[in-house]
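The next block holds one structure in the form of structure tokens; read it before the comments.
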Amino acid sequence: MGARPRIAVGGILTECNHLGGVPIDISIYEASELLRGEEVLRLDTSVVGGMLSALREGNADVVPLIYASACAGGPITRDCYEQLRGEWFERLERALPVDGVLLPIHGSALAEGLDDPEGDMIHAARDLVGPDVPVVATLDLHAHVTEEMVRYADALLAWETYPHRDQFPTGQRAARLLLDMLAGKCRPTMAMGKVPVITSAINGSTNDDDPFAELMRYTKSLEQQEDVLSTSLFLIHPYMDCEDMGSGGLVVTNNNLKLAEALASDIASRYWDRRHDLEPEMLSPDEAIAKGLQVDGGPVILVETADCCGGGAAGDSIATLSALVDTAINAPSFVPVVDPEAARACHEAGEGTELSLSLGHKLDPRWGSTRTFRGTVEHLCDGNFVYTGGQWEGHHEHMGPTAVFAIGSTRVIVMSRATYDWADEQIRAVGLNPREAKFIVAKNPMNYQLAYGEIAKAIFVLDTPGPTPATLRHIDFKKLQRPYFPADSKIPGLSPTILE
Ligand SMILES: [Zn+2]
């Protein structure tokens with residue numbers, strides 16, 4: 001190793017869904033975030049920003065590979081994955097020798113015909129650089145941590161917050177751990193403890209006294225112990241259909257595998273004990289609207305989490321929209337629907353035009369039927385906005401041509417493209433004010449709390465069809481092992497599976 005270590009940085013950060021959503025191809029990365037070589041160096045927020053800042057502080061030379069990220073969707077197309085992985089690998093190969101490799105990845109990506117692309121990349125990096133060069137990866141806390149990842153990485157470190165706001169410090173922690181390894185200050189050993197708990201993220205916040213928050217505080221408290229370098233807690237992204245899925249804890253120790261195993265097993269056992277608390281209470285849209293009408297003022301948040309773009313759904317469900325329209329309530333309501341064809345029809349008709357608009361369930365028709373609504377094109381825009389936080393803070397995003405279509409007092413935000421919900425950027429981008437709504441349909445399991453937590457008068461979680469539902473009790477998984485919670489309520493003799 002020279003005076004200044006050379007650290008390669010790059011990866012693919014995407015969460016994927018097997019139950020629905022649109023496959024992710026290269027055009028989606030190009031429209032979202034696809035940086036090559038030197039372009040990676042300009043990142044100053046999120047996980048890569050954190051890695052770069054710690055590497056510069058540590059007087060390391062950064063060898064930028066590629067960095068691709070996109071809103072969640074169906075599996076990455078095979079062509080797209082091979083292209084991105086190929087470019088990443090080729091740049092790493094050309095950069096040799098390097099002193100370390102940092103991978104900013106999600107952990108729940110899927111490619112067509114490949115259930116663990118990130119394990120594949122970690123393995124490929126290891127084979128290329130050999131056993132003595134550190135390979136460290138960061139993960140989302142919704143990662144599906146696999147045996148291949150644990151075996152071939154020196155250390156894995158996950159976000160600690162949900163809603164996710166600590167990508168930058170996680171990138172810093174990973175880079176510092178890698179530099180400590182190079183300086184001879186530590187020799188990581190690692191174990192993952194898993195239990196078959198597959199729940200949605202509804203009760204998975206790390207705030208207040210949510211069950212996941214209590215588990216997270218316990219997990220992080222273990223970092224105070226001697227020889228513990230890092231602990232992570234995982235609530236697995238539940239909308240994949242893979243073998244050996246589970247949630248639990250991952251512990252990185254300093255040359256003490258036994259301790260890592262014992263603590264990982266302890267975290268996973270505690271996770272198992274809280275499994276019933278992680279299952280949400282749900283209402284039908286009609287029940288939630290009736291309850292909401294009893295509440296004084298607004299907004300009342302109707303959480304249609306089954307259609308979450310950030311979890312890989314198409315965002316084109318009209319289940320809650322239909323219930324609102326059929327109730328014929330005279331209360332202002334905001335509902336987002338991704339439907340490029342309908343957005344185009346609104347733009348062709350022009351502002352102020354009354355028309356019959358066919359809406360919904362065109363991108364992913366498995367979860368409901370398209371329906372025609374009579375209404376008025378109230379507002380048209382280009383759908384551009386800037387994220388105010390999260391993984392894409394400061395990043396310009398595009399919903400594509402977007403319309404506000406008024407059906408009575410209900411305002412449908414008709415977007416051309418699915419985008420990740422951080423807070424309420426999409427609603428503000430079309431000129432609507434959340435404080436003026438009686439009902440707001442939020443299509444995510446958690447970030448509605450960021451957007452409306454301070455102003456919401458009531459929040460109801462809905463049981464509607466879609467590929468990102470609030471419970472995994474009734475999903476017809478093909479590969480996922482049985483038994484698992486919550487589909488199987490009695491699971492005898494359970495002890496955590498340990499990966500090392
Ligand atoms: Zn996540």
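The values are calculated or read from the model by the stated rules, or taken from the named source; none is laboratory data. Here the structure is a predicted model, which means the values were calculated and not measured. Heads up, the Cβs are rebuilt from the backbone with ideal geometry, glycines too, and the neighbour counts pull from every protein chain shown. Each accessible area value is taken on the protein alone, full model and side chains, heavy atoms only, with ligands, DNA and RNA left out. Shrake-Rupley method; radii C 1.70, N 1.55, O 1.52, S 1.80 Å.
Some points to look at:
- Two-site label geometry, Arg4 and Glu147: point separation in nm, points 7 Å out along Cα→Cβ: 4.2
- Alpha-carbon centroids, segment 342-378 and segment 1-80: separation in whole Å: 36
- Pairs beyond 32 Å (Cα-Cα), from Lys362/Lys479; Lys443/Lys479; Lys438/Lys479; Lys194/Lys457; Lys258/Lys490: Lys438/Lys479; Lys194/Lys457
- Evaluated with a Cβ-only charge set (Lys, Arg +1; Asp, Glu -1), segment 353-475 carries a dipole of roughly 480 debye about its Cα centre, given to the nearest 20.
- Amide N of segment 174-193 lying under 19 Å from the label point, which is placed 7 angstrom from the Cα of Asn59 along Cα→Cβ: 175-186
- When each of the peptides 437-450, 483-496 is scored by how many other beta carbons lie within 10 Å of its residues on average, the order from highest to lowest is 437-450, 483-496.
- Met245 accessible area, 1.4 Å probe, all protein chains in place, Å² to nearest 10: 0
- Residue-normalised accessible area of the chain, expressed per residue, 1.4 Å probe, Å²: 37
- Computed with a 1.4 Å probe over protein heavy atoms only, the accessible area of Arg4 comes to about 110 Å².
- Prolate/oblate/rounded call for segment 209-256, Cα gyration tensor, a/c under 1.5 rounded: oblate
- Cα gyration tensor shape of segment 6-278, rounded if a/c is under 1.5, else prolate or oblate by comparing a/b with b/c: oblate
- Inter-part distance where segment 199-258 and segment 435-500 are each reduced to a Cα centre, Å: 17
- Compared with the direct C-alpha span, the chain from Glu436 to Glu39 gains 138.8 nm at full extension, assuming 0.36 nm per residue.
- Overall, the anisotropy analysis places segment 285-461 in the rounded class: the square-rooted eigenvalues a ≥ b ≥ c of its C-alpha gyration tensor yield a/c less than 1.5.
- Look at the dipole of the chain built from charges on Cβ: of Ser409, Leu472, Leu92, the Cα furthest out on the positive end belongs to Leu472.
- Shown is the FRET efficiency for Asn255 and Ser489, computed with R0 = 41 Å from the Cβ-Cβ distance and rounded to the nearest 0.05: 0.50.
- Charged side chains reduced to their Cβ positions (Lys and Arg at +1, Asp and Glu at -1) give segment 46-189 a dipole of some 500 debye around its Cα centre.
- Counted charge near Asp476, where neighbours are those whose Cβ lies closer than 15 Å (Asp, Glu -1; Lys, Arg +1): +3
- Within the full protein context, the accessible area of Ile475 is estimated at about 40 Å² for a probe radius of 1.4 Å.
- Projecting label points 7 angstrom from Cα along Cα→Cβ for Asn384 and Gln481 puts them 5.0 nm apart.
- Alpha-carbon centroid distance for the pair segment 272-309 / segment 138-186, whole angstrom: 33
- Sulfur and carbon atoms: percent of accessible area, the chain [1.4 Å]: 46
- Multiplying the residue separation of Glu500 and Arg78 by 0.36 nm and subtracting their alpha-carbon distance yields 149.0 nm.
- If the chain linking Asp326 and Ser284 were pulled fully straight, counting 0.36 nm for each residue of separation and taking away their Cα-Cα distance, it would gain 13.7 nm.
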